[in-house]
Amino acid sequence: MPENYDLHCHSTASDGALSPTALVQRAHEQGVTALALTDHDTVAGLDEARLAATAAGIHLIPGIELSTSWQNKCLHIVGLGIDPDYPPLREATQNLQIMRMERAEKIADKLEKKRIPGALEAVKKAAGEGMITRSHFADFLLSQFHVSTQQEAFDRYLGAGKSAFVATTWSDMALAINWITESGGVAVLAHPLRYNLTASWMKRLLAAFKEAGGLGIEVVTGRYNSDEIKTVAAYATRFELTGSVGSDFHNPSNQWIELGRLAPLPENIKPVWELFN
Ligand code: AMP
Ligand code: MN
Ligand code: MN
Ligand code: MN
């Protein structure tokens, strides 16, 4: 039987709702046979996920989704098949955790100035040992009835340029690609259409990504329609990148995005998993 891949999802180690164990079990129930756990800037969920995957009888591909900066833009780079113990990668995640905590303090200050107190304590509690993300702030704003949807939290407070937005310089994109590659992994540009880039910026980005050693691009994600898949497939062909498929699953309460429920990779695109060893 061919594998059913889902190469992008989140657990409670970052902003996912399910523990690594529950996530792997759900993936198995949804017919996924090869799952990459790709939490934001952390590998902390991988040990637990590996145990659960062995128990469920599915393949776990150790992954990460690194927050990176390039030309003042924030880009997400997924690493697949990484060695989570590779020291430079470990060190990078530790630095990113500190950066995320400092950013969280600043976001909370901005909310406090808007007469919304208590955010820092709430997001720390919600994230636990995991990475604090803007999703945690969105959940807090929702729980306090300041907004009525997650989207509204981003539109009014947390999104770029909004009142509680804190501009952050993340890891340099080329450095991040190096950490992934040198740890034995494959660097993949996540959800390329979510950055609102013009075609000429996209081409500049893909040239820089490839130059730095990037090898794949997410051609199929949980949210793309067939036109979007065609658009990204054309970029993959033009820049000779392999194609990845990943749902970017976060939460079972999002009825639009489920683990493993993905369109097939277009036939002319070389699958990223052919690079896995
Ligand atoms: P961060 O990496 O802390 O900036 O948080 C980014 C996370 O927030 C993403 O991975 C998404 O899970 C979530 N997110 C970003 N933008 C939106 C949005 N417009 N609506 C809902 N969730 C979002
Ligand atoms: Mn997220
Ligand atoms: Mn992302
Ligand atoms: Mn993601």
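HN-Hα J couplings of the range 74-79 from phi, Karplus 6.51/-1.76/1.60, θ = phi - 60°, integer Hz, Gly and Pro as x?
Result, rounded to whole Hz: 9, 10, 9, 10, 8, x.
Any chance you could tell me what percent of the C-alpha pair distances in the range 128-277 go past 27 Å?
Value for the range 128-277: 34 percent of Cα pairs lie more than 27 Å apart.
Hey, what number do you get for the chain at 222 nm if only DSSP H runs of n ≥ 4 count, each worth -39500 (n - 2.57), divided across all residues, to the nearest 500?
For the chain, the value works out to -12000 deg cm²/dmol.
Run the paramagnetic zone check for Asn254: 7 angstrom along Cα to Cβ, then residues of the range 89-133 with backbone nitrogen under 15 Å.
133
Chymotrypsin sites (Phe, Trp or Tyr not before Pro) within the range 118-150: which are DSSP loop residues with at most 11 other Cβ atoms inside 10 Å?
Taking the range 118-150 and a limit of 11 other Cβ atoms within 10 Å, the loop chymotrypsin sites (Phe, Trp or Tyr not before Pro) found are Phe145.
Taking the 0 to 90 degree range and rounding to the nearest ten, how far is the long axis of helix 199-211 tilted relative to the main principal axis of the chain, both from C-alpha atoms?
70 degrees
Can you give me the long-range amide H partners of Leu75? Hydrogens built in the peptide plane at 1.01 Å from N, cutoff under 5 Å, separation of 5 or more residues or another chain.
Thr68, Ser69, Trp70
Using a 1.4 angstrom probe on heavy atoms only, work out the carbon and sulfur share of the accessible area of the chain in %.
C and S fraction of accessible area: 50 percent.
Which Rg and Dmax, in Å, describe the Cα atoms of the chain?
Taking only Cα atoms of the chain, I get Rg and Dmax of 18.0, 57 Å.
Using only Cα atoms, tell me the angle between helix 46-56 and the longest principal axis of the chain; keep it within 0 to 90° and round to the nearest 10.
The angle comes out at about 60 degrees.
Using heavy-atom solvent-accessible surface (probe 1.4 Å) with all chains present, what is the largest-first order of Cys9, Cys74?
Cys74, Cys9
Running a GNM on the chain with Cα contacts under 10 Å, which residue among Ser143, Ser19, Ser67 ends up with the highest mean-square fluctuation?
Most flexible of the set in this elastic network: Ser143.
Multiply the residue gap between Arg50 and Lys230 by 0.36 nm, knock off their C-alpha separation, and tell me the result in nm, one decimal place.
Between Arg50 and Lys230, full extension yields 61.4 nm more.
Which loop-located GluC sites (Glu not before Pro) does the range 105-177 contain, where loop means any DSSP state but H, G, I, E or B and the Cβ has at most 12 other Cβ atoms within 10 Å?
Filter output for the range 105-177: Glu129.
Between the range 169-196 and the range 1-65, what's the alpha-carbon centroid distance in Å?
Centre-to-centre (Cα) distance: 19 Å.
Per-residue HN-Hα couplings for the range 101-106, Karplus 6.51 cos²θ - 1.76 cosθ + 1.60 at θ = phi - 60°, whole Hz, x for Gly and Pro?
So the J values, rounded to whole Hz, are 5, 5, 5, 4, 4, 5.
Using square roots of five times the C-alpha gyration tensor eigenvalues, list the equivalent-ellipsoid semi-axes of the range 93-158 in whole Å, biggest first.
19, 12, 11
What is the angle, in °, between the Cα long axis of helix 173-182 and the longest principal axis of the Cα atoms in the chain? Nearest 10 is fine, range 0 to 90.
50 degrees
Enumerate the calculated ³J(HN,Hα) couplings along the range 111-120 in order (Karplus 6.51 cos²θ - 1.76 cosθ + 1.60, θ = phi - 60°), each rounded to whole Hz, writing x wherever the residue is Gly or Pro.
Couplings: 5, 4, 5, 8, 6, 10, x, x, 5, 4 Hz.
Using the heavy atoms of the protein chains alone and a 1.4 angstrom probe, what is the accessible area of the range 93-158 per residue in square angstrom?
About 58 Å² of surface per residue is accessible.
Using DSSP to call loops (not H, G, I, E or B), can you name the GluC sites (Glu not before Pro) in the range 243-277 whose Cβ has at most 12 other Cβ atoms within 10 angstrom?
Passing sites in the range 243-277 are Glu267.
Under a 10 Å cutoff between Cα atoms, tell me which one of Gly216, Gly184, Gly16 has the largest fluctuation in the Gaussian network model of the chain.
It is Gly184.
With every protein chain left in place, what is the accessible area per residue of the range 225-268 in square angstrom, probe 1.4 Å?
57 Å²
The values are calculated or read from the model by the stated rules, or taken from the named source; none is laboratory data. Quick caveat, the model's predicted, so the values are computed rather than measured. For neighbour counting, all protein chains shown are included, and Cβ atoms are generated from backbone atoms with ideal geometry for every residue, glycine included. Just so you know, the surface numbers come from the protein's heavy atoms only, side chains and all, with ligands and any DNA or RNA stripped out. Shrake-Rupley method; radii C 1.70, N 1.55, O 1.52, S 1.80 Å.
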